[in-house]
Amino acid sequence: MSRKIFFITFFLLVSIASKAQVYSPVKWKMGVAKISDSEYELRMNAKIQDTWHLYSQSVPDGGPLPTHFTFAKNANYKLIGEVVEQAGKLIDDPVFKLQIKFFEKETTFRQRIKISGNKTFEIKGELEFMVCNDQSCLPPTYEDLLFKVNPTTDLNSKKELAKPQIKHHSGDLALVDVVENFDTFQKKKSTKSNVIISAPRENPRSLWSIFLLSLLSGFAALLTPCVFPMIPMTVSFFTKQSKNKTEGIRKAILYGISIIAIYIFLGAVVTWAFGADSLNALSTSVWFNVLFFILLLIFALSFLGAFEILLPNSLANKVDNQADRGGTIGILFMALALAIVSFSCTGPIVGTLLVEAASRGGIAPFVGMFGFSLALALPFTLFAAFPGWLNSLPKSGGWLNTVKVVLGFLELALAFKFLSNADLVLQLHWLEREVFLSIWIGIFASLVLYLFGKIQLPHDSPLSHISVGRLTLAIVVLSFTIYLIPGIWGAPLKMISGFSPPLNYSELQKGLGGVVSNETNTALPEGAEYGPHNIIAFTDYDKGMQYAKKVGKPVMIDFTGHACVNCRKMEDNVWSDSKVLEILKNKIVLISLYVDDKRELLVNEQVISKLTGKKIKYIGQKWSEFQTLTYKTNAQPLYVMVDNNGKKLIEPTAYNPDVEYYFNWLNIGISKFKL
């Protein structure tokens, strides 16, 4: 046994020794380019070491920290638009369950400015960024930016660029890099480097999901009382007005193409008006989410029968008059008339699709409108080609309004997703997981009662019996509602993981009834909280160490981050193992120090950093500096086993998904602890 411990210890020492270092994987170079007599461009180029990646400026709430630039106000200039970034790489992150964009190897950010005079001046700013690799993440890094703008330089002169400085606040030193002419620097780069500023490349899976959702929404819109009755009317018009069947089919195909063109044009207008990148950036803002909560709430109430959303009658009449014209123009206006007449039913669906597509960014609104209009146009074309099929269509009736009401309930549920996003960003804790799920349970339970005929709404027809289709849908919705209920008490509910607030954004931290399973209902120690898997954890080093001395246990310091991907992987895949979990709950005191905690320190705790020379403002900066100075590394996760006086029991370990390795590491540390 002693030999086994020796070899495990030796392996740990060798493996950790190679990892105990302070990383600085991103090198920044800054430049100022003259665009015209009054416009300049601030350029911020990042060279990123292999295996590391830098995150975009637009990261959905609940993901890693985004890159962020701030520029001090100055009467000599004003900003033009936002900082523009390159294409980057967009992935579906399996840990955060979000679409996240990041950059590898090299990227450039650009900010245009307009100057107001001819004198030389400086622009000061600050850069905040975060980088990760497959093994670890680094805490947020803050850089002081300084740009020198000289309006007297000639537009075509290579002296047009200033020589700004940037202070690196990571590692053991404050390095100062003087940047040469930016054009010269650009020429030195590899010709393979992509410096094209464009919209982020869409993830194919994301676009396919938008297309399929829009296609299904289009088929749902067909079954509303505003659209369905128009299918036989319109097809009969084409067949009667055409000299032969071939002409009728040709006109119907042109009619279908016109419908698609109208809705694609709408998607293109939305993308053009707001910009491909700005739509995605807006989706993470508070006001965007609150605005669309209100918008979807209005759509839902409209579908439920509170009122109808109608376009002006004058517009409908003008379009209808144009539709009476013959030829291609007349058919195009007939398609436009369909869009206007059916707006009270299709408007809320189209609006919801554009909201969802806007949250994805890029060309998603264009793709969404294509899918929706394709579903809307197909029946008119197919029934014109095969008029006999019209006899197989069900007759119009109350079931059409039922479809509309069901869509209204779905719109209402989706509205609260956007309100939840705003609540998460502001950390208001008004719409925590239990409240959100209770609202959804109420919405879908009401839908079940409606489908069973227990609730009637203004435009419903009397219900003498329940059809098989309606009963089937009621059972499906009832099953989904029952599935949601355990989530109030901590069930993961993976089916809706992208919609509901995360498990840790919750009132109930201890499970059913406020009691941790298989444990006594004891009060939490001062300064402690329930962490992953209901492990009692301290988030303050001093309080955790005091408690460890009191109970006579060793300490595991967990240097982690709210946005640390591999920290979550370790917690989900390693800490969840029964034998590891038993140690973490009963044999050690866990102190989790979040290096990206953006809460401000008390004024009397804001000391000057020994690494950067700047004031430490945030709690996360305090723990990051503590980790770097004490353990000579700034990567997370980092796990350190110490006694209750802070003395290391075993060399720290980092990300390693091997459960047996981690279990043995814990046991070796505990075996060296002496009271």
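The values are calculated or read from the model by the stated rules, or taken from the named source; none is laboratory data. It should be emphasised that the depicted structure is a prediction, and the values quoted were computed from it without experimental measurement. Here Cβ is always computed from backbone atoms with ideal geometry, including for glycine, and neighbour counts include all displayed protein chains. Protein only, heavy atoms only, side chains kept; ligands, DNA and RNA dropped before computing areas. Shrake-Rupley method; radii C 1.70, N 1.55, O 1.52, S 1.80 Å.
Structure data summary
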| quantity | calculated |
| --- | --- |
| Pick from segment 445-475, criterion assigned to a loop (DSSP other than H, G, I, E, B), at pLDDT 85 or above and polar (S, T, N, Q), ranking: nearest to GLY408 (Cα to Cα) | GLN456 |
| Counted residues, segment 384-422 - those being open to solvent by 10 Å² or more (accessible area, probe 1.4 Å), in a helix (DSSP H, G or I) and at pLDDT below 75 | 10 |
| Residue that is most open to solvent (accessible area, probe 1.4 Å), among those in segment 428-479 that are more than 32 Å from the chain's Cα centre (by Cα) and of a type in the set (Ser, Thr, Tyr) | SER464 |
| Residue within segment 82-89 that is open to solvent by 30 Å² or more (accessible area, probe 1.4 Å) and over 22 Å from LYS47 (Cα atoms) present | no |
| Residues within segment 603-624 that are of a type in the set (S, T, N, Q) and without any contact (Cβ under 8 Å) to a residue 24 or more places away in the chain, tallied | 2 |
| Number of the exception - ILE123 against (1) over 30 Å from ALA635 (Cα atoms); (2) open to solvent by 30 Å² or more (accessible area, probe 1.4 Å); (3) among the hydrophobic types (A, V, I, L, M, F, W, C) | (2) |
| Filter result (modelled with pLDDT of 70 or more and closer than 30 Å to ILE443 by Cα) within segment 255-287 | TRP287 |
| Subset of segment 24-65 (residues that are of a type outside the set (S, T, N, Q), buried (at least 18 other Cβ atoms within 10 Å of the Cβ) and under 20 Å from ASP134 (Cβ atoms)) | PRO25, VAL26, ALA46, ILE48, TRP52, HIS53, LEU54, TYR55, VAL59, GLY63, PRO64, LEU65 |
| Selection status of VAL14, under 25 Å from the mean Cα position of the chain (by Cα), among the β-branched types (Val, Ile, Thr) and at pLDDT below 90 | no |
| Hey, THR70 in contact (Cβ under 8 Å) with a residue 60 or more places away in the chain and open to solvent by 30 Å² or more (accessible area, probe 1.4 Å) or not | no |
| Segment 527-540 - residue that is under 20 Å from VAL574 (Cα atoms) and open to solvent by less than 30 Å² (accessible area, probe 1.4 Å) and, of those, nearest to the chain's Cα centre (by Cα) | GLY531 |
| Condition broken by LYS674, with the remaining ones in (1) open to solvent by 30 Å² or more (accessible area, probe 1.4 Å); (2) outside any loop (DSSP other than H, G, I, E, B) satisfied | (2) |
| Residue list for segment 40-79, restricted to those being under 30 Å from ASP423 (Cα atoms) and among the hydrophobic types (A, V, I, L, M, F, W, C) | LEU54, VAL59, LEU65, PHE69, PHE71, ALA72, LEU79 |
| Qualifying residue in segment 516-525 (condition: modelled with pLDDT of 80 or more, open to solvent by less than 50 Å² (accessible area, probe 1.4 Å) and within 30 Å of LYS549 (Cα to Cα)) | yes |
